[in-house]
Every structure is written in C-alpha cells, then in structure tokens.
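What follows is a set of notes on a single structure, which appears directly below.
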Amino acid sequence: MAETADADCEADRDGDREFRSVPLGEIETARSRHMWTRSAVHVAESGDLVVTGEWDGTVTAREVDSDSLEARWTADHPDHAVGIATLSGGGTKSDGDTAETVIVAGRGETGTIAAYDAATGERRWRYDTVDDLGEAVKDTVFYLPYVVALESGTDADGNECLYAAARRYERDGETQQWHSTVYAFDPDGTVRWTYETDASPIAIDLDADGERLAVGYNRCMGDHDVGLVVLETASGDLAWTWDPGTEGDRRVGDVSVDGDSIAVSSHGDKRGYLLGPGGAERWRVDLAVETEIDGETLYAYPNHAYAADGRVTFVTGNTYAVESRETENRHPNEHRTATFDADGELAWDDEVRGFVHGLAADGETIVVPCAQNFRVRDPETHAVRRFDLESGPQRVDRLAGIATAAAVDDGTLAAIEEPVAYHDEGKTRGEYALHVAPVE
C-alpha cells in the first residue's frame, strides 16, 4: 500500500498520506528485472472517472467522487489492456446528449483498439491491428501485436480524431524485422488514413492546432531510417523528418510537442533536443552520454520527454555498459529528471531513483511513477514523485510495491502499484492496486 515518504525528504513536508486505494486482484509478482507493460490508468477529461486497464484485459471505470472508488462499469478487452485515452464524444448519456468514449489499446494476439461508452461500458467499436501488422510468429509477449501509443484531439478543421501507433516484431536467425502502422480514426472507429513503415514506433504527440502529428521511432532496422516523422493530420502525408544522425538502429525514446517546437529524447546519442519547424535544431543537451568510469564506458537511455510553456523535461533510465549488459558502476545521470528553459539552460534537476515506464503530465504538474532499480534493488525507489515544471520537486509518495503507471488530469492523480519480489531477497513487497489522490 502507499505510504508517505520519510519526514526528512524535502518534498514530503505536506505530511499525511493522500491516496485512496482499491485492490485490483492478482497479478504475477514482478522480479528484479523490469517486466513488460502490464497495466494502464487514465483520468477521463471530465475528471470524475478513473479508468484502469489490467494485465488480463479487464477494464474498469471508477467514480472519483466515491470514497471507495466505486466501479461504474467493467469490460473485458480482447488483449492485455496497456493504454487508455478518451474522446469527448461518441457515447450517449441517458438524456440523449453525447458522453465521453474510453479508448483502450491492447497487446496480444489481435492488438485491439476498442472504444467503450464512458457512461455504460458498452463497446462502441473495435479495430484489430493484427490485420495490418500480421500475426505473431512466436508465442511470447515481445512478438505480439502491440498498440504502443494513443493520442486524442481535434484536427485542423476542429473535428475530433484519435491517433494510434502499433507495431509487431519478428526474428528469423540474425534477421530482425518490425512491422508498424500509425492510424487516424474518426470517433466512430472509421479509419481516416494509415502510415506504414518497417520501423518500431514508440511515441506520438499532436500539436495544439491539430495540424500535425509527431511520431517517434525507436528501432530502425530496415528501409525506414529516421527517428522522427511529422505527418499532416488531414491526410497522413509526410511533412518532414529528423534524425539524430547516429550509427546503429537506436533512434528516439520519446517526443513531445509544444507550440511550433518538438522535444525529442534521443536513444542514438543519449541527448535531448528541441526542434523547430522542419526539424531545425534549436538546442541540444547531454543527458546520459557515454562516460568513462573505472575503465568502463557507461550510458543511460533518455526515455521520456515532456514539453510545455517553453520548458522541456527529460527523464533517463538504467545504466548500461558499452562492453557488457552487466556493470557494478552507475552512470552519474541515470534515473534523473532534468528540466531546461527555452534557451536549453538547466532550470532544475532531481533524482527519480527507479525505472520510469511513462510520464504523466497536466499543464505544470508532472507525475513520475518510479519502479525498481534492478541493479541497486532498493525498495526506497518505489514511489510516485510529483514535480512542478517551473520549480521542480513537490512531493514523494512511497509505495511498498513498484509504481508502473500514472495519470493526472483536472485535479486528480491516479497510479498503479504492482507487487515485486527481488530475486536475492525472497520477500514480496506491495500489491496490485489503484491509488487516487487530489492534486492542487
């Protein structure tokens, strides 16, 4: 269960635990190494509903205003429910008005994107990405069709639209291959357009005017060899591309759009970039570049980016050694969040200590769910950390288990905890649970 961090932590002066919590049932206990994405959480745009997606496909919408987080409805998704978004229309209220629609992305045999009425849980439509990506050639999670990202918004004409990116991996001996598709959907599930490549998308983000969609590609092993693609939302046509220009197949870790700028975290050279129109480089910063420590060359991947109000936040991940996956040393900038101003100057930074599956942000509020540090295996890394884009660290709420997903919107924060048992400890910590708290 959640517990407030130690009193000597600067960010924890506000005291008592805020979380209301509800168990989510059973799940395989996580171990020292990070597991695949197994859970998702989303705060609906109205702020009165928290939706969870669980490893077995269970999707549950809960009333935020209920002390016990009472379930409004539960639905069964065809795959592991690994991503959630909402559209403001598409469903129907009892008085005949339109209601929000909950969109759920899956990882599984069908790689399904499905829409559920936010009021009733009734499924409105379903799209199986396996029809475009092809079926898994091996019965393991990594090979299954996977909808990696969802983004909702309006297009340049003010019409509501849903965007999604899906991928599938296969390997035959030394030959590795990705199949991927980016989609634009109307609220009724009609596909407006698709954009297909042989690379692995990892993130998408829509500009404020709804005119262009940024797509980050993480692994580029085939004909597609650029890390960032910007598409015209009206047609799906290519507007421009950008790449860090590095060797190898690693390219981009995340993308985030702010006005006419796009922040990019680069897996290729472990730097952060801010790009202008057409991919013009406004600035770049070293995040966790290759560094010599005790005779080893170490690095860490910049996995996440968030850009808003002229500032950019980046978050780095685990330490790796160039020569080996194993190392006793640590990169000085591993598991670090750093925010830069409009000129690329460091505004503030702080440690996050554990691996971050994904950021959650709403305006000036940044929420970072921190899981285990598999090299250190310190339970003190398990936490939900809050930051202010302008001023930095705000609060740390520690969890017994690992924090694997978070969402924040309209004054509500939600986080998923999963149980963990380190291989050298023999003790299970935490539980599978949803935690909800207010955010001022």
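Structure summary
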{"quantity": "Selection within the stretch 151-162 - open to solvent by 10 Å² or more (accessible area, probe 1.4 Å) and within 21 Å of Ala44 (Cα to Cα)", "calculated": "Glu151, Ser152, Gly153, Thr154, Asp155, Gly158, Asn159, Glu160"}
{"quantity": "Residue in the stretch 163-171 that is open to solvent by 50 Å² or more (accessible area, probe 1.4 Å) and more than 29 Å from Trp73 (Cβ to Cβ) present", "calculated": "yes"}
{"quantity": "Yes/no for Ser88 being at pLDDT below 95, at negative phi, surrounded by fewer than 22 Cβ atoms within 10 Å (Cβ to Cβ) and not in a strand (DSSP E or B)", "calculated": "no"}
{"quantity": "Residue match in the stretch 37-59 (condition: more than 30 Å from Ile202 (Cβ to Cβ), modelled with pLDDT of 95 or more and small (Gly, Ala, Ser))", "calculated": "no"}
{"quantity": "Close pairs from the stretch 344-364: first within 13 Å of Gly310 (Cα to Cα) and modelled with pLDDT of 95 or more, partner open to solvent by 20 Å² or more (accessible area, probe 1.4 Å) and assigned to a loop (DSSP other than H, G, I, E, B), Cβ under 7 Å, at least 6 apart", "calculated": "Ala347/Asp341; Glu364/Glu390"}
{"quantity": "Pairs, first modelled with pLDDT of 95 or more in the stretch 235-248, second small (Gly, Ala, Ser) and surrounded by fewer than 17 Cβ atoms within 10 Å (Cβ to Cβ), C-beta under 6 Å, six or more apart", "calculated": "Trp240/Gly278"}
{"quantity": "Output for the stretch 276-304, where each listed residue is open to solvent by less than 10 Å² (accessible area, probe 1.4 Å) and under 17 Å from the mean Cα position of the chain (by Cα)", "calculated": "Pro302"}
{"quantity": "Long-range neighbours under 6 Å by Cβ, at least six apart or interchain, first residue more than 12 Å from Phe355 (Cα to Cα) and open to solvent by 10 Å² or more (accessible area, probe 1.4 Å) within the stretch 379-393, second assigned to a helix (DSSP H, G or I) and modelled with pLDDT under 95", "calculated": "Pro393/Ala11"}
{"quantity": "Filter result for the condition that a residue is in contact with a Pro (Cβ under 8 Å, 6 or more places away or on another chain), open to solvent by 10 Å² or more (accessible area, probe 1.4 Å) and without any contact (Cβ under 8 Å) to a residue 60 or more places away in the chain, over Arg429, Arg330", "calculated": "Arg429"}
{"quantity": "Residue match in the stretch 189-202 (condition: open to solvent by less than 10 Å² (accessible area, probe 1.4 Å) and touching an Asp or Glu at 6+ places or on another chain (Cβ under 8 Å))", "calculated": "yes"}
{"quantity": "Selection status of Asp139, without any contact (Cβ under 8 Å) to a residue 12 or more places away in the chain, assigned to a helix (DSSP H, G or I) and open to solvent by 30 Å² or more (accessible area, probe 1.4 Å)", "calculated": "no"}
{"quantity": "Meets criteria (open to solvent by less than 50 Å² (accessible area, probe 1.4 Å), within 27 Å of Asp254 (Cβ to Cβ) and touching a residue at least 40 places away in the same chain (Cβ under 8 Å)) for Trp125", "calculated": "no"}
{"quantity": "Odd one out for Gly134, checked against (1) within 18 Å of Thr197 (Cβ to Cβ); (2) surrounded by 18 or more Cβ atoms within 10 Å (Cβ to Cβ); (3) among the small types (Gly, Ala, Ser); (4) more than 20 Å from the chain's Cα centre (by Cα)", "calculated": "(2)"}
{"quantity": "Residue match in the stretch 58-66 (condition: small (Gly, Ala, Ser), open to solvent by 10 Å² or more (accessible area, probe 1.4 Å) and not in a strand (DSSP E or B))", "calculated": "yes"}
{"quantity": "Checklist (1) surrounded by 15 or more Cβ atoms within 10 Å (Cβ to Cβ); (2) over 19 Å from the mean Cα position of the chain (by Cα); (3) within 20 Å of Ala305 (Cα to Cα); (4) of a type outside the set (Ser, Thr, Tyr) applied to Ala208, failing item", "calculated": "(1)"}
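Yes/no matrix, rows are residues, columns are (1) touching a helix residue (DSSP H, G or I) at 6+ places or on another chain (Cβ under 9 Å); (2) of a type in the set (Phe, Trp, Tyr); (3) modelled with pLDDT of 95 or more:
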residue	(1), (2), (3)
Arg72	no, no, yes
Lys93	no, no, no
Thr98	no, no, no
Ile103	no, no, yes
Thr110	yes, no, yes
Ile113	no, no, yes
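The values are calculated or read from the model by the stated rules, or taken from the named source; none is laboratory data. If you're wondering where the values come from, they're calculated on a predicted model, not measured in any experiment. As a convention, Cβ positions derive from the backbone with ideal geometry for all residues, glycine included, and neighbour counts pool all protein chains shown. We work out accessible area using only protein heavy atoms, side chains counted, and drop any ligands, DNA or RNA first. Shrake-Rupley method; radii C 1.70, N 1.55, O 1.52, S 1.80 Å.
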